[in-house]
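Notes follow the structure.
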Amino acid sequence: MNTYKKTYIALTFAVLFMFSFSYMLVPLYDIFCEITGLNGKTNQERVIVDKEEITDRYVTVKFTSTVANSAPFNFEPIDREMVVRVGKVNNTFYTLTNNSNTIKHATASPSVVPGEHAEYFKKIECFCFSQQQINGLETKELPIQFVVDTDLPKNIKTLILSYTMFNTTDQVGSN
Amino acid sequence: MSTNIDKLHDDHHHTPSGIMRWITTTNHKDIGTLYLWFSLLMFFIGGFMALVIRAELFQPGLQLVIPGFFNQMTTMHALIMIFGAVMPAFVGLANWQIPLMIGAPDMALPRLNNWSFWILPFAFTMMISTLFFESGGPAAGWTLYPPLSLQGGDSMPFVILSIHMLGLSSILGAINVIATILNMRAPGMTLMKMPIFVWTWLITAFLLIAAMPVLAGAITMLLTDRFFGTTFFTASGGGDPVMFQHIFWFFGHPEVYILILPAFGIISTIIPAFSRKKLFGYDSMVYATASIALLSFVVWAHHMFTVGMPLAGEIFFMLTTMLIAVPTGVKVFNWVATMWRGSMTFETPMLFAIAFIVLFTIGGFSGLMLAMVPADFQYHDTYFVVAHFHYVLVPGAVFAIIAAVYYWLPKWTGKMYDESLGKIHFWLTTIFVNLTFFPMHFVGLAGMPRRIPDYAVQFADFNAIASVGAFGFGLSQLMFVYILYKTLKKDVTAEDKVWDGAEGLEWTLSSPPPYHSFNVAPKID
């Protein structure tokens, strides 16, 4: 009877372990993405730059935007393209217009292409760090301050920064 | 323990009669029978949905159903066939056969066994009832990919809860199988002397225990994303829908081996019986099964080559996937070598088993084609994929189940089925199954996408052929029901050893076997 019990207990633990393992996969996935730069996930925290190391190297940074799930927004970059010096701090902004009559909350999710070089795109200031509140029919300027890291591999001439703007009004309402 | 069984010895006196016998039963044979009937019912419900799909696809354009309902049909067809037809059929076979084959009186956990079956009807009632909701049933595909599955109607929490229940049922069944096999074998039956079907089920049970909780986790995350504000897969909160695909297929790939390993066990039992030879390479069969099971945990991303992965990742998953062809090739080689120079006869179970080898191998080869990353970029989400997995599941898993039923039916019921009707059933099934699924290779390679109710006119001819095949296949299975009915109505008793080449403890018992199989454990040398 004893060996029976051992079997049951071991198997029950195996089941519980595998269930928790499915949740462990979530942080593991994030770590994996961070190491490999998969999905173009950029650093979610702001970078502090004490001293600029301006170089003579130039790269093109392109800006794109998407509005998710037909939210009532117009969301556009003011500069479609910038030629920037590697190491220099740059400023630009996106404009967000609320086409509806009511107050909306919006959250932007950033992504960099090519994904494996997302880590070299450093954001000092970004509207993607926080949730935006926008009144009905209002237009807002959303600033970004960024620097392209001097360690960026030499063969990279262009980086694309893409934002997707989500309507999170419902999620705010339920919280 | 043994005194308990002795008390129960004069079985039928202690069992309630009528419907209560089946509801309260803890007998492995009764539960096995329940599983098998339930699986047959689900096979027909899921098959009916497949026919709705094929009827709509008979011609280009929209004829019979609206696209939303079409999507519900593809989703429900898959869920019902996987969780309702194939898995319960294998658990039913395990319940019937494992105690008989290892010389045990019953399963190790009879009450749990009862519960794991009786969860199923409730889970499926709930799942199928969503089709009658105003917002309809689940329509995002059986893989439940977010964000689409999060945007579905009211059916979503019901479907998720029913999948939880199905998972629970499978896990309990798996614990029971492992506990039985590890603790209740007849004295002298070492692990490497176990019948191969028992081996494949032992490995399958471990796969179930490792994979089903991961599915439970993934769908729980979907549920909390939708209703409790978590953002595992919601991009607006920093989540990632692609992560769902990784977690899902971490379950999903072992799952496809859960659906095929017991079939390998059945074929490895039937082929030697009708070749009148011992199974060629028993040890290598065991090791091949185990290595397929282990490899199944490191190949999941081949289901999602097109999501955007680093090159190293694609190469890794491509190579591990192709590696699975090696142990699978060993198995096919062993089956052919078992038949080589055997005194073969071709009764119905053997016909289904031989067709399994041929047709499953075709499915295996198309799988190998899909494993190649550059090729997969073209094949992804086309009918080629549909052709591939139907070749391994229908003439694979389903043929093995039908073969097993023909092979053991005389043992279970004590009555012989009608051999000539069985052969007609085999030929109709085999012809129509190929008529249904073979043209799908062609339309898939030509670029017809899956899960679409309408298609471009150049695919019309092959789709019409596939639809004719599907109706022929579906109707031929009514013949299977008639054969079962006719067998059960018979009075003629089958011999104890129905097949002269068959080996194993189950053939030492009477046909049908006594209610409690082995009250005294048999001796194995």
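The values are calculated or read from the model by the stated rules, or taken from the named source; none is laboratory data. Just so we're clear, the structure is a prediction, and the values are computed from it rather than from any experiment. All Cβ positions, even for glycine, are placed from backbone atoms using ideal geometry, and neighbour counts span all protein chains on display. Just so you know, the surface numbers come from the protein's heavy atoms only, side chains and all, with ligands and any DNA or RNA stripped out. Shrake-Rupley method; radii C 1.70, N 1.55, O 1.52, S 1.80 Å.
Taking just the C-alpha trace of the protein assembly as shown, give me its Rg and Dmax in Å.
Rg, Dmax (Cα atoms, Å): 28.9, 95.
Expected output is a single nm value to one decimal: the length gained when fully extending between B:Lys489 and B:Trp340, i.e. 0.36 nm times separation in residues minus the C-alpha distance. What is it?
On the way: separation 149, 0.36 × 149 = 53.64 nm, distance 3.79 nm.
My answer for the length gained is 49.9 nm.
Within the range B:244-334, which trypsin sites (Lys or Arg not before Pro) sit in a loop by DSSP and count at most 16 neighbouring Cβ atoms inside 10 Å? Don't skip to the end; give the middle numbers.
Details: sites: B:Arg276, B:Lys277, B:Lys278, B:Lys331; in loops: B:Arg276, B:Lys277, B:Lys278.
For trypsin sites (Lys or Arg not before Pro) across the range B:244-334 that sit outside H, G, I, E and B with at most 16 neighbouring Cβ atoms in 10 Å, the list reads B:Arg276, B:Lys278.
For the range B:16-508, what does the convex hull of the Cα positions come to per residue, in cubic angstrom? Before the final figure, lay out the partial values.
Numbers: hull volume 72.4 nm³, N = 493.
Value for the range B:16-508: 147 Å³ per residue.
Taking the solvent-accessible surface of protein heavy atoms with a 1.4 Å probe, what is the per residue accessible area of the range B:391-525 in Å²?
On the way: 5780 Å² over 135 residues.
Result: 43 Å² per residue.
Please work out how much length the chain gains when fully extended from A:Ile103 to A:Phe17, using 0.36 nm per residue of separation minus the C-alpha to C-alpha distance, in nm with one decimal.
On the way: separation 86, 0.36 × 86 = 30.96 nm, distance 4.50 nm.
Here the answer is 26.5 nm.
Suppose R0 equals 30 Å; then what is the FRET efficiency for B:Phe69 and B:Val358 from their Cβ-Cβ distance, rounded to the nearest 0.05? Walk me through the numbers on the way to the answer.
Numbers: r = 36 Å, r/R0 = 1.20.
Computed FRET efficiency for B:Phe69 and B:Val358 comes out at 0.25.
Roughly how much accessible area, to the nearest 100 Å², goes out of reach of solvent when A and B pair up, both sides summed, probe 1.4 Å? Write out the running numbers ahead of the final one.
Details: alone 11110 and 21070 Å², together 29780 Å².
Rounded to the nearest hundred, the buried surface is 2400 Å².
Tell me whether the range A:42-174 comes out rounded, prolate or oblate; compute the Cα gyration tensor, take square roots of the eigenvalues as a ≥ b ≥ c, and use a/c under 1.5 as the rounded threshold.
prolate
Please tell me the relative contact order of chain B in percent, rounded to the nearest whole number, where contacts are Cα pairs under 8 Å and at least six residues apart. Each step should come with its number before you reach the end.
On the way: 831 pairs, mean separation 96.6, N = 525.
Answer for chain B is 18 percent.
Kindly identify the range A:97-175 as rounded, prolate or oblate by the Cα gyration tensor criterion: order the square roots of the eigenvalues as a ≥ b ≥ c, call it rounded if a/c is under 1.5, otherwise compare a/b with b/c, prolate if a/b is larger, else oblate. Spell out each step's value before the answer.
Working: a/c = 3.02, a/b = 2.58, b/c = 1.17.
In terms of gyration-tensor shape, prolate.
What number results when the radius of gyration of the range B:209-276, computed over Cα atoms, is divided by 2.2 N^0.38 Å?
For the range B:209-276, the normalised Cα radius of gyration is 1.71.
Treating only the Cβ of Lys, Arg, Asp and Glu as charged (+1, +1, -1, -1), what charge dipole size does chain B show about its Cα centre? Round to the nearest 20 debye.
Numbers: 23 positive and 27 negative charges, 156 e Å.
Roughly 740 debye for chain B.
Given a 1.4 Å probe and every protein chain left where it sits, what share in percent of the accessible area of chain B is carbon and sulfur? Don't skip to the answer; put the middle values down first.
Details: 14200 of 19910 Å².
Answer for chain B is 71 percent, counting heavy atoms of protein chains only.
In terms of Cα to Cα distance under 17 Å, which lysines are near enough to B:Lys29, apart from those fewer than 8 places away along the same chain?
B:Lys411, B:Lys415
Using the Karplus equation 6.51 cos²θ - 1.76 cosθ + 1.60 (θ = phi - 60°), what ³J(HN,Hα) coupling, rounded to whole Hz, does each residue of the range B:16-21 give in order, writing x for Gly and Pro?
x, 9, x, 5, 5, 4
Picking from A:Pro27, A:Pro143, A:Phe63, whose Cα lies most toward the positive end of the charge dipole for the range A:17-175 (charges on Cβ: Lys, Arg +1; Asp, Glu -1)?
It is A:Phe63.
How would you order B:89-100, B:29-40 from highest to lowest mean count of nearby Cβ atoms within 10 Å?
Details: B:89-100: 27.2, B:29-40: 21.2.
Per-residue Cβ counts within 10 Å, averaged per peptide and sorted highest first, yield B:89-100, B:29-40.
From the cross-link list B:Lys277/B:Lys423; A:Lys88/A:Lys140; B:Lys277/B:Lys523; A:Lys6/B:Lys331, which pairs have alpha carbons spaced over 30 Å apart?
Details: B:Lys277/B:Lys423 23 Å; A:Lys88/A:Lys140 26 Å; B:Lys277/B:Lys523 23 Å; A:Lys6/B:Lys331 33 Å.
The answer is A:Lys6/B:Lys331.
In whole percent, what relative contact order does the range B:132-253 give with Cα contacts below 8 Å and a gap of six or more residues? It would help to have the intermediate numbers written out before the result.
Numbers: 109 pairs, mean separation 32.3, N = 122.
Dividing the mean separation by the residue count of the range B:132-253 yields 26 percent.
Between B:Thr508 and A:Ile48, what is the label-to-label distance in nm when each label sits 7 Å out along the Cα-to-Cβ direction?
With each label point 7 Å from Cα toward Cβ, the separation is 7.9 nm.
With θ set to phi - 60° and the Karplus curve 6.51 cos²θ - 1.76 cosθ + 1.60, what are the ³J(HN,Hα) couplings of the range B:210-218 in order, to the nearest whole Hz, using x for Gly and Pro?
Taking θ as phi minus 60°, the curve returns 7, 9, 4, x, 5, 4, 4, x, 4 Hz for the range B:210-218.
Per-residue mean of other chain beta-carbon atoms within 10 angstrom of the beta-carbon, peptide A:22-28? List each step's numbers first, then the result.
Values: counts 14, 7, 1, 8, 9, 0, 2.
Mean inter-chain Cβ contacts per residue within 10 Å come to 6.
When you look at the Cβ of every residue in A:6-19, what mean number of other chain Cβ atoms sits within 10 Å? Intermediate values should be presented prior to the final figure.
Details: counts 3, 8, 8, 0, 5, 10, 3, 0, 8, 12, 1, 3, 12, 9.
Taking all residues of A:6-19 together, the mean is 6.
Across peptide B:205-213, how many C-beta atoms of other chains are within 10 Å of each residue C-beta, on average?
Values: counts 1, 2, 0, 1, 7, 5, 2, 3, 9.
The shielding value for this peptide is 3.
Per residue, how many Å² of accessible area does the range B:116-201 show with a 1.4 Å probe?
Details: 2950 Å² over 86 residues.
I get 34 Å² per residue for the range B:116-201.
With contacts defined as alpha carbon pairs under 8 Å and 6 or more residues apart, what's the relative contact order of chain A in percent? It would help to have the intermediate numbers written out before the result.
Values: 343 pairs, mean separation 48.1, N = 175.
Computed value for chain A: 27 percent relative contact order.
Just tell me which lysines come within less than 16 Å, Cα to Cα, of A:Lys5; anything on the same chain fewer than 8 places away is out.
none
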